[in-house]
Every structure is written in structure tokens, then in C-alpha cells.
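First up is the structure itself, then whatever we jot down about it.
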Amino acid sequence: MMVHFVVFASLWLLAFSGPAVGAEDMPTTKPQVQTRDSQAAMTPATALAALKEGNARFVANATKRRDWSAKVVATASGQYPFAAVLGCMDSRVPIEVVFDQGIGDVFGVRVAGNVVNADELGSLEYAVSVGTKVIVVLGHTGCGAVKGAMSDVQLGNLTGLLAKIHPAVEAAHCGAPQDSSCVTKVAEENVRQSLKEIQHGSPYLAKHFDERTVTLVGAMYDVASGRVTFLEN
Ligand SMILES: [Zn+2]
């Protein structure tokens with residue numbers, strides 16, 4: 001009798017506990033990771049769409065369930081990421097999480113204020129040389145680096161980094177760092193500055209953009225909603 005009750009209770013729980021949260025992205029025996037073929041099959045448009053879909057899953061709290069250990073094993077012999085994201089170091093904007101991507105899917109280049117120098121350009125050139133189809137510059141609301149530049153913070157090596165954001169502060173031409181909408185405006189302008197520096201700082205990348213084998217886009221992440229909004233060109 002007790003066994004019957006336990007079985008019945010279990011079935012009831014199964015029936016009424018609702019759908020499982022998140023979609024499976026792989027059969028349990030064969031982890032789905034980016035391969036040379038799957039990467040080659042993607043275009044700049046499908047690569048961008050994959051990032052947009054991933055962020056939509058993240059915002060809906062319906063991220064894919066992943067067997068991380070299996071992905072580690074499956075990617076041990078190589079990586080074929082379809083995207084590269086230049087983002088800020090901000091702890092609230094982890095690239096793979098906000099785009100709901102797994103191991104081996106995305107190159108992440110992170111530096112305070114998502115600024116561009118030769119090291120970032122070299123990193124992005126490497127990403128493209130191994131087949132990446134889309135480069136995203138991802139700024140975000142409430143950016144501390146942007147606020148620091150607006151406040152003209154002086155601190156060791158940070159001073160030089162913030163100097164790269166000063167042109168965006170001047171271009172945005174708005175209020176103080178206490179004004180969150182102004183911080184967002186400067187952060188967006190800073191993304192546009194980084195886009196220009198990527199476009200003009202690397203003949204190798206520019207050739208790929210011109211040939212439309214790689215696309216370059218800017219985006220803003222909202223730390224309050226989790227949503228990524230891609231900028232119009
Ligand atoms: Zn930031």
C-alpha cells in the first residue's frame with residue numbers, strides 16, 4: 001500500500017511539476033559543441049542570430065541545460081568559436097552567460113570599458129583567422145569605467161585606460177556620472193568609438209568586413225534587465 005502511494009505521489013509530482021526549465025542542447029551521450037564543419041556552415045547572419053537567440057533565452061530564464069564536463073572533453077582537442085565579443089570586465093556582464101553559450105562557442109575579450117588597443121585588435125584578428133563570423137563590441141549600462149572617465153578619475157595605469165573613453169564623454173555631451181541615462185549615452189558612444197577603432201585599426205579585419213565574411217556590430221547590455229540591444233549601424 002505504501003509502495004503504491006509513493007509511486008502515485010511520484011507520478012503526480014512528475015505530472016504537475018510543469019515543464020522542465022530550459023531546452024536540451026544535446027543528447028546526453030554526444031555533447032553538441034562547435035566543430036570545424038558547424039562553424040564553417042555558419043554565416044555572419046546566422047552567427048548573429050545565434051547570439052540574439054541566446055540572449056532571448058537568458059532574459060526568459062530558459063537557458064539551455066548543458067553537460068559541462070562532456071563539453072570539456074569534447075572541446076579538448078580544438079575550438080571553433082563562431083563569435084568574438086569585446087566586452088567590459090564588469091562582473092555583471094559575463095559573455096557566455098548573457099548570450100547563453102557553452103564551452104568552445106565564443107571568444108571573450110574583456111577589458112574595463114571595452115576599449116580597443118593593439119592587444120584587443122590582435123586578439124580579434126586571431127579569432128577571425130580561426131573562423132569566427134561575427135565580432136560584437138558589448139557595452140553596458142552603469143559602466144564603472146565610463147563613470148570613471150566622466151569623473152576624470154586618476155589612478156595608476158587606469159588613468160591611461162580611461163583616457164580612451166574621454167572622446168566618448170565629449171561626444172555624448174551630457175551630464176554627470178550620477179545621471180544614469182547620461183552614463184548609458186556615453187557607454188553607447190564608447191561602443192561606437194571602439195567599433196571605429198576596430199574598423200580602422202586592422203587592415204586584416206577591414207578586408208573581412210568588406211568581403212562580408214565577418215560582420216562587426218555594437219551592442220548594449222542592460223544590467224537591470226539582462227537584455228542585449230544591438231545598435232543600428
Ligand atoms: Zn563596464
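The numbers here are math on the coordinates, done by the rules we state, and not lab data. Quantities reported herein were computed from a predicted structural model and do not represent experimental measurements. Positions of Cβ are generated from backbone atoms using ideal geometry, with glycine treated the same way; all protein chains shown enter the neighbour counts.
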Below 12 Å, Cα to Cα, which aspartates and glutamates can residue 71 reach? Residues fewer than 8 away in the same chain don't count.
25, 105
Can you divide the C-alpha Rg of the chain by 2.2 N^0.38 Å and report the result to two decimal places?
1.20
Helix-only estimate, please: 222 nm mean residue ellipticity of the chain, summing -39500 (n - 2.57) across DSSP H runs of length 4 or more and dividing by its residues, to the nearest 500.
-14000 deg cm²/dmol
If the viscosity is 1.306 mPa s and the temperature 10 °C, what Stokes-Einstein diffusion coefficient in µm²/s follows for the stretch 70-143 when Rh is the Kirkwood radius over Cα pairs?
124
What residue among 102, 160, 144 has the largest mean-square fluctuation in a Gaussian network model of the chain, using Cα springs under 10 Å?
160
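If you place +1 on the Cβ of every Lys and Arg and -1 on the Cβ of every Asp and Glu, how big does the dipole about the Cα centre of the chain come out, in debye to the nearest 20?
For this selection, approximately 440 debye.
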Spread of Cα-to-Cα distances over 10 Å intervals beginning at zero, given as percent, for the stretch 134-209
20, 46, 26, 8, 0
Under a cut-off of 25 Å between alpha-carbon atoms, report the lysines in cross-link reach of residue 185, not counting same-chain residues fewer than 8 places apart.
52, 147, 164, 196
Under 19 Å from the residue 123 label point (7 Å along Cα→beta-carbon), backbone N, the stretch 213-227
215-221
Note the full-extension length gain between residue 64 and residue 163 as 0.36 nm times their separation in residues minus their Cα-Cα distance, in nm to one decimal.
31.7 nm
